[in-house]
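Only one structure is covered here, and it is reproduced in the block below.
Bear in mind that the values in this text are calculations on the coordinates, not laboratory data. Predicted, not measured: the structure shown is a model, and the values here were computed from it. For neighbour counting, all protein chains shown are included, and Cβ atoms are generated from backbone atoms with ideal geometry for every residue, glycine included.
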Amino acid sequence: MVETVSDFVQLLTPEGVRTPSPDFDQWVSDVDAPQLASLYEDMVVVRRIDTEATALQRQGELGLWPPLLGQEAAQIGSARTLRGDDFVFTSYRENAVAYCRGVDLTDIIRVWRGNAQSGWNPYDIGMAVPAIIIGAQTLHATGYAMGCQQDGVDSVSVAYFGDGATSEGDVNEALVFAAAFKAPVVFFCQNNHWAISEPVGLQAIRPLADRAPGFGVPSMRIDGNDILAVMAATRIALERARSGNGPTFIEAVTYRMGPHTTADDPTRYRDAAELEEWKAKDPILRVERLLDSLGLFTAEFQAGVKAKADAVAAELRHGCITLPDPEPLSVFDSVYTTPNATLDRQKAEYTAYLASFEARDGQNSDDVTDAASVTAASVNAVSVTAGGGRL
Amino acid sequence: MVETVSDFVQLLTPEGVRTPSPDFDQWVSDVDAPQLASLYEDMVVVRRIDTEATALQRQGELGLWPPLLGQEAAQIGSARTLRGDDFVFTSYRENAVAYCRGVDLTDIIRVWRGNAQSGWNPYDIGMAVPAIIIGAQTLHATGYAMGCQQDGVDSVSVAYFGDGATSEGDVNEALVFAAAFKAPVVFFCQNNHWAISEPVGLQAIRPLADRAPGFGVPSMRIDGNDILAVMAATRIALERARSGNGPTFIEAVTYRMGPHTTADDPTRYRDAAELEEWKAKDPILRVERLLDSLGLFTAEFQAGVKAKADAVAAELRHGCITLPDPEPLSVFDSVYTTPNATLDRQKAEYTAYLASFEARDGQNSDDVTDAASVTAASVNAVSVTAGGGRL
Amino acid sequence: MSTLTLAKAINAGLRRAMQDDEKVVLLGEDIGALGGVFRVSDGLQAEFGARRVIDTPLAESAIIGTAVGLAYRGYRPVCEIQFDGFIYPGFDQIVSQVAKLHYRSRGAVKMPITIRVPFGGGIGAAEHHSESPEAYFAHTSGLRVIAVSNPQDAYSLLRQAIANDDPVLYFEPKRRYHVKGEVAEELGTSMESATVVTAGTDVTLLAYGPLVTTAADAAVAASDEGVSIEVIDLRSLAPIDYPTIEASVRKTGRLVVTHEAAQSGGIGGEIIAAITERCFPFLEAAPVRVTGWDIPYPPAKLETHFLPDLDRILDGVDRVMGR
Amino acid sequence: MSTLTLAKAINAGLRRAMQDDEKVVLLGEDIGALGGVFRVSDGLQAEFGARRVIDTPLAESAIIGTAVGLAYRGYRPVCEIQFDGFIYPGFDQIVSQVAKLHYRSRGAVKMPITIRVPFGGGIGAAEHHSESPEAYFAHTSGLRVIAVSNPQDAYSLLRQAIANDDPVLYFEPKRRYHVKGEVAEELGTSMESATVVTAGTDVTLLAYGPLVTTAADAAVAASDEGVSIEVIDLRSLAPIDYPTIEASVRKTGRLVVTHEAAQSGGIGGEIIAAITERCFPFLEAAPVRVTGWDIPYPPAKLETHFLPDLDRILDGVDRVMGR
Ligand SMILES: Cc1ncc(C[n+]2csc(CCOP(=O)(O)OP(=O)(O)O)c2C)c(N)n1
Ligand SMILES: Cc1ncc(C[n+]2csc(CCOP(=O)(O)OP(=O)(O)O)c2C)c(N)n1
Ligand SMILES: [Mg+2]
Ligand SMILES: [Mg+2]
């Protein structure tokens, strides 16, 4: 078993050349041409999802969107190695992970359209409600892993988080607990070099992967734009967890090629040159080159991938614009599992209040209608001036 | 400058033999016979303080006492290397540090007698209000160090904390911030092997000193029962901080020979054998042996040290038992720096309430006196049954 | 069952819950070999093993955060926070995760987590060891908050709390851990309901946790002076059992609320506002609060000048009676 | 000075405070080059350097905790918490250290820390971005709590907060960041005082932060119906300016309080209890609350069904008027 690896692991260069690695190759030896093609397709599809969702946001159909542009290999390479009975705890940016877990596309959109605080049922796809509170989910993943251990199953939990998250106390406490209980959890850190406007160098003056071994958690620092390296490292970590050997920390070095979210303007804080540098390391491009070198990147193949991406984008768009608005009184649902007298009273109060409008509207009372329209206007004014929700 | 040291640093064996160390000896080359004698005296005195305070607690004069028995070298060795303009942030167990900082003995006692939430004025002795919230003070020390840096002075702040504290998010965040800002702070961790009933192995499966380098903070693992190793390591760390080279983490490996506090019963969770093992490594004994081998441990010297310890103990006891109870209305003092209308109203209410008793007591009204005595009795019953305050 | 101290009643409740449901696991600092600093979990690790009675590293956010993960996995974690003042490092996980995840997941995920907190003063402890943080949690939507006052409730309500699919903050009056009482192995009335401790007709006196006994003592003392006090033990601080309080206040027209927590923003104010809304025409005087002051918990030698006691409660009764 | 948005007024207040006192330093996430996600600190790092406008690593407990250390050293740190919902990881340092250290040190140590928090909803944001956590802090002895509603107060009260030797939680109504107003370079009346926004005789309507404007709109709408509302902007939530409220309620006999925060345990209940205690004989009806529900902040498309608005406030006025 590979223990802590200090060297940067890369199996596929930006130029699309496979570089041999005695330690890691065995973990991706099953990745044959069809698999590679399928991984490529997934990456293209999720990039298309990003584009489509960004367009939907610009068109006012979504309140916000956090693109994962540039992180396709990190997310797909890792998520595709998981089993259905593994469980994933993520932040807000892991839409490609959700895609691999088999999410219904509309469920991705609910949150960003403002319809719901979450999309999918976690138990349907083995993926928790995303955590916007930075780092919090690493503890959830650790606890879930302790549960798997206690259940005597070899399921693994995976925590996805960013470079910025490593500064939060919670992430460090998660390492402490995971080490103490040898929990079957994989800490998958996507170092995309930025936490909104803050460069990774502000969070850590040493490589992030160096942090974990001191806690007793072996780590690997890998090229996160290399889908083969990502798969190999994740499999090593999963195997360690499944076989009772505890947690692993993976630093997938990648790059957030887009803004933090659609509400962000990265030109305020980062160099155009840096982005150019990373464009050359694009995770999709290198698989394209590899496929090409294998004679697989045919026009027919490309057309097939494009058709799939277009279909997914269309489905996403359709799901988005046809999503019905939530019912007003659903605002009171799912706060508690059983009736709560105080809340029920508030719901009754509001139900009667809404009904009074209908009653009064029926009477076509001028002053009330006036007041209602003033409200609507001021609420709109607010959302326009404030510009919508950030993360 | 010594960077991270992975080996365990020891300059004085339990048998009292000086072991040469090319890297560390230079940092204690000034420790001559008089200095050694004085360090010895301090250790004996603080052990005597522990004994006296424990006795005072048993006699009902103190509510609680957290003995530092066994950690004398760690605390005195480090604190004696500090300058007056350095600033110390500690937990509750660092009474020997306070002693070295020149605390008035009565100020140590105030808290444990229940007279006040703190003793000394931090600005008088360069030592903050002790932090009972585990780990919180490491952030304060880091912030204070950032202030020193900003002020352009070469003062250093020192954070004392225990092995258990290393699991708290705050301590890890402190390492992140200290590294990010190259703050002149020394993290002095006394690994006394226990956090109440939890062995250090539960907090960390690797040596604690291994944690810091991953954050970019150089560390040293030293024999915390060896006062010379402690002094050398602390001086290295202080020098690094003063010269603008940032933080250092010191793991002083020591042992809590007593209970967690006077309210604790360690026989419930730890082996008598372990204690025996550590008694052989007693920090005072080995200096005694060294002094003896140098021909300095004379009867006269011993008598002088004993006299000093007795005098300090007497002063402590006197300060304790003559400490006047706080004034009832002082309960409202120092909540805010300026008047606060809501609180002032409560104070006025309570002032009038207390006055009404005096008035009624003057009238010698039976029923009221009854009620008052019921209260007093029930309060006492409570403190007896509940057994007084723990940490 | 038998005569038990409040602490032992909780111990019995934990044991029974663990026997009944293997998904119940305990997490906390020093809860294993030591049995907790108050010995509340005494013997449980020996009985159920270190996998179900988990001594955790020293980190409260992680205690709560891993409990969230365990709940995701179908467990019913019972977390012990060693003392009231040490709950704040876990506040974020409680407020943003434990309280909200059922809502955030649109009902898909349940958080049947019980967080046990020894709370309140009166034991002459050092700072951070005598706090009453219950109002923070009662203001946090998604949580249920319980405070028990006697061994029977301690036992019954703990079992209800653990069995409940919502997260419950369960406050234990640490200065009453050693008080004994009969404990029957029953679940009793719903943990959401308040209990009338002594019936009365002149004044409604509300208390919870450590002050219930003091309130009952006050009722005895006042009856000697001809004032009939109805003492209600709130038991549930979120939600509050308003029907029981309303029925009482409609009868008495006078309300006194007592708690150790600071007055401003405490449970007392909330109840007075809610009862004023609901019973305004029945109120014969402004409701009165007898509470801790708006100060940090004071040093041990001053705590009697902070804590509501029999005299201060009687003084409050006098005030609401206009005397 | 000039016409400024509320956000720019805060920016001006920060600049002026930094010019006046070199011990004022800013700490927060993304406050440097980016100028904060709301651009509130725009340009300040360029003007005062990275040592005084400190982009910190992503850790709220450390932002507050290092501010405590800086305060020990004589600094006056101003911390920015990026959004209301991200303050909880720093809760322990605020409650146990910032709030208590003056008391704990028997007055020796001052904690002149200002914690700026953009708060409240109405901007269609994702979860944790629209919360109103002010009641937690108003219940925390040792803190002062301010909520501003307009550019002038934003400027003046920020300067007072920074100059104050006590720690201040300073809440900024994020949905009103872009609203403009005249701002004079003055400190104005004490930050502890409430302001009568519109005088009236029938109902006293209390609001703070984002809802003050809505309350003022309600006064206009109600006057058309012949109801005269006195709108008071609380400004200080701890301590609360009771003399101003009392004077109004003695006149009107009717009280409505509105806020976005959940009702149970909110500021409204506290004020109603306190005013009932102080003005009981003057009250002609039970005070009414118009607040957010006891639920986690809902998704964007439902926030209009959570937030008090003009109609709901008018409905509350109707209720207190018995209509
Ligand atoms: C506790 C907390 N603090 C602050 C924020 C605001 N915030 C949202 S995303 C973000 C940066 C996160 O950076 P990183 O962890 O690197 O993830 P990335 O966005 O790069 O995927 C910040 C500061 C938050 N969501 N939660
Ligand atoms: C936040 C917090 N959690 C729990 C406690 C209770 N407690 C007091 S001391 C202690 C153990 C501390 O161990 P360590 O850090 O090793 O210091 P030591 O007591 O050994 O000096 C615990 C758990 C506390 N004071 N603060
Ligand atoms: Mg990032
Ligand atoms: Mg220890």
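Summary of computed values
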| quantity | calculated |
| --- | --- |
| Of C:R106, C:R159, C:R76, the one that fluctuates the most in a GNM where chain C has Cα springs shorter than 10 Å | C:R106 |
| Rel. contact order, % - alpha carbon contacts under 8 angstrom, at least six apart, segment D:195-320 | 28 percent |
| Selected from D:R16, D:R175, D:R104 as most flexible by GNM, with chain D as the system and alpha-carbon contacts under 10 Å | D:R104 |
| Size of segment C:59-175 as Cα extents on the principal axes (Å, biggest first) | 44, 30, 22 |
| Surface/4 estimate of mean projected area, convex hull on alpha-carbon atoms of segment B:50-170, nm² | 7.6 nm² |
| Burial ranking of peptide ranges B:11-19, D:232-240, B:253-261, A:149-157 (average Cβ count within 10 Å, highest at the top) | D:232-240, B:253-261, A:149-157, B:11-19 |
| Size of charge dipole - segment C:1-86 - debye, nearest 20, with Cβ of Lys, Arg +1 and Asp, Glu -1, no other charges | 280 debye |
| Of D:Y72, D:P112, D:P173, farthest towards positive along the dipole that unit charges on Lys, Arg, Asp, Glu beta carbons give chain D | D:Y72 |
| Rounded Å value of the spacing that divides the Cα centres of segment C:157-200 and segment A:26-58 | 55 Å |
| Eligible lysines near B:K281 by straight Cα distance, threshold 25 Å, same-chain separation 8 or greater | B:K306, B:K308 |
| Segment C:124-208 - convex hull of alpha carbons, volume per residue in Å³ | 140 Å³ |
| Inter-centroid distance (Cα atoms) of segment C:223-277 relative to segment B:87-147, Å | 42 Å |
| Interatomic Cα distance distribution for segment D:172-251, bins of 10 angstrom, percent | 18, 45, 32, 5 |
| Ratio of Rg to Rh over chain A (Cα coordinates, Kirkwood Rh, two decimals) | 1.03 |
| Sequence-separation-based contact order of chain D, relative, with Cα cut under 8 Å and 6+ spacing, percent | 16 percent |
| Alpha-carbon Rg with Dmax, taken over the protein assembly as shown, Å | 31.5, 107 |
| Per principal axis, descending, Cα span of chain C in whole Å | 59, 42, 39 |
| Label spacing, shortest first and in nm, from A:D344 to its equivalents in the remaining copies (7 angstrom along Cα→Cβ) | 4.7 |
| Where N is the number of residues in segment B:208-257, Cα Rg divided by 2.2 N^0.38 Å | 1.16 |
| Sorted largest first, extent of segment D:195-320 alpha carbons per principal axis (Å) | 41, 33, 23 |
| D (Stokes-Einstein, µm²/s), Kirkwood Cα radius, segment B:171-242, 0.890 mPa s at 25 °C | 185 µm²/s |
| Within 10 Å of each Cβ in B:105-114, the average number of Cβ atoms from other chains | 2 |
| Positive-end extreme of charge dipole, chain D - chosen from D:I31, D:V257, D:V203 (charges on Cβ) | D:I31 |
| Point-charge dipole on Cβ atoms (K/R +1, D/E -1) for the protein assembly as shown, about Cα centre, debye to 20 | 540 debye |
| Cβ-derived FRET efficiency at R0 56 Å, B:A272 paired with B:A307, nearest 0.05 | 0.95 |
| 25 °C / 0.890 mPa s Stokes-Einstein diffusion coefficient of segment B:161-282, Kirkwood radius on C-alpha pairs, µm²/s | 162 µm²/s |
| Residue pairs, from the table C:K174/D:K100; A:K182/C:K100; A:K347/D:K301; C:K100/C:K174, whose Cα atoms sit over 20 Å apart | C:K174/D:K100; A:K182/C:K100; C:K100/C:K174 |
| Candidates C:G35, C:G226, C:G85, ranked by Gaussian network fluctuation over chain C, Cα under 10 Å, top entry | C:G226 |
| Dipole moment magnitude, nearest 20 debye, segment D:18-64 about Cα centre, only Lys, Arg, Asp, Glu C-beta charged | 80 debye |
| Calculated label separations, B:T13, copies of the chain, 7 Å along the beta-carbon direction, nm | 5.7 |
| Spatial separation of Cα centroids for segment B:193-230 and segment A:225-284, in angstrom | 33 Å |
| The protein assembly as shown - mean residue ellipticity at 222 nm from DSSP helices (-39,500 (n - 2.57) per run, n ≥ 4, rounded to 500) | -12500 deg cm²/dmol |
| Alpha carbon Rg of segment D:1-58, scaled by the compact-globule rule 2.2 N^0.38 Å | 1.06 |
| Overall dimensions of segment D:44-110 as given by Cα atoms, namely Rg and Dmax in Å | 12.8, 39 |
| 7 Å along Cα→Cβ, label-point gaps from B:E274 to other copies, nm, shortest first | 4.7 |
